[in-house]
C-alpha cells in the first residue's frame, strides 16, 4: 500500500514538471528592456542659456563667436580673414590673426579667395616666393601691393617687414636678399657686430650681427659710410665717395644739408595772446553812457 502511494506521488510530480515545461515553451518570448538612455552631454562652452550678456568666442573656431542678449544666443562670423578678439565680453571686435593666438581654436570658415587675396581680408605674401619684400593688403577682396623698405623681408608670422634672419622665410634668407657675405672673424670681434661698407652704394653699409648675419643700414642723405672710421660722414670727407652725389644733388644742396640754416628764436612777447577778447559793448549802451 505504501509502495502504491509513493508511486502515485512520483507520477504526480512528473506530470507537474512536464506540464510546466510545456507551458513554458508555449509562452511568448519577452523582449529585453532597452538600456537606460544617457542624458545628452552639455557643451562646456555653449549651452541653450547664456552665461551673461556680451560676446563670447567659439571653443573650436577662431573666427566664430556668439552674441548673448537677454538669454538668447546669436551665432556670428567675422569677415573672411579676420578672427574674433575675445579680450573683453563687452566688445564685439574682429581682428587680424597676427594679433591673436588661435592655436587652441584653429578652425576657420571656408576661404573666399580673390585676385592676390587668399582670403577677403588681411596681409598675404606675394605668389612668387622670390619676391621676398613684396606682399598684399586685402580689404573686401580688393588688394593693394606693398613693397618693404630695401633690405627687409615680409614676415608671414607678424604681417610686417622684418630682417631676413627674423622672417626665416624659405628662399629669403640674408644670403638670398643681399649680395654680401660677412667676412669671417673670431667670436670676440663678432660680438661687437662689426660694420662694413656696401661695395655698391656709398650711402649704405652692413652690420654683421654676431659677426655672421648681415643687415643693411644707411646714412643720411648727403652722407657716406666711412669704412675706416666705421661711421657715417659727409660724403666730401670720404675720399672714395666724394663724388657720390654728383648728378643727384647740387653743391648748394649738399652745403645746405651739411650746414642747415639756424632758426632764430622768436622774441619774448611775440606769442599770440590766449586771453579771450572782450565783447564790444552795444551801441545803445555806449549812447546811454555818453548821455
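The values are calculated or read from the model by the stated rules, or taken from the named source; none is laboratory data. Just so we're clear, the structure is a prediction, and the values are computed from it rather than from any experiment. Every residue, glycine among them, receives a Cβ derived from its backbone with ideal geometry; neighbour counts consider all protein chains shown.
When residue 159 is tested against (1) on the phi > 0 side of the Ramachandran plot; (2) surrounded by 16 or more Cβ atoms within 10 Å (Cβ to Cβ); (3) without any contact (Cβ under 8 Å) to a residue 24 or more places away in the chain, exactly one condition is not met: (3). Screening residue 135 against (1) surrounded by 14 or more Cβ atoms within 10 Å (Cβ to Cβ); (2) touching a helix residue (DSSP H, G or I) at 6+ places or on another chain (Cβ under 6 Å) leaves a single unmet condition, (2).
Note on the stretch 137-203: enclosed strands (runs of 3 or more DSSP E) holding 2 or more residues that are farther than 21 Å from residue 99 by Cα are 142-147, 195-197.
For (1) assigned to a loop (DSSP other than H, G, I, E, B); (2) at pLDDT 95 or above; (3) in the same structural domain as residue 143 (by TED's automatic domain parsing); (4) touching a strand residue (DSSP E or B) at 6+ places or on another chain (Cβ under 7 Å), each residue gets a yes or a no:
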position	(1), (2), (3), (4)
59	yes, no, no, no
65	no, yes, no, yes
74	no, no, no, yes
81	yes, yes, no, yes
87	yes, no, no, no
120	yes, yes, yes, yes
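Sub-6 Å Cβ pairs linking a first residue in the stretch 240-268 that is surrounded by 10 or more Cβ atoms within 10 Å (Cβ to Cβ) to a second residue that is assigned to a loop (DSSP other than H, G, I, E, B), at least 6 apart or interchain, are 241/202; 244/202; 254/222; 257/222, ordered by first then second residue. Of 156, 165, all but one fail to be touching a strand residue (DSSP E or B) at 6+ places or on another chain (Cβ under 8 Å) and within 22 Å of residue 210 (Cα to Cα); the exception is 165. For the stretch 102-118, a tally of residues being under 10 Å from residue 142 (Cα atoms) and at pLDDT below 95 returns 0.
Looking at 175, 164 in this structure, which one is buried (at least 19 other Cβ atoms within 10 Å of the Cβ) and under 25 Å from residue 133 (Cβ atoms)? Being buried (at least 19 other Cβ atoms within 10 Å of the Cβ) and under 25 Å from residue 133 (Cβ atoms) holds for just one of 175, 164, which is 164.
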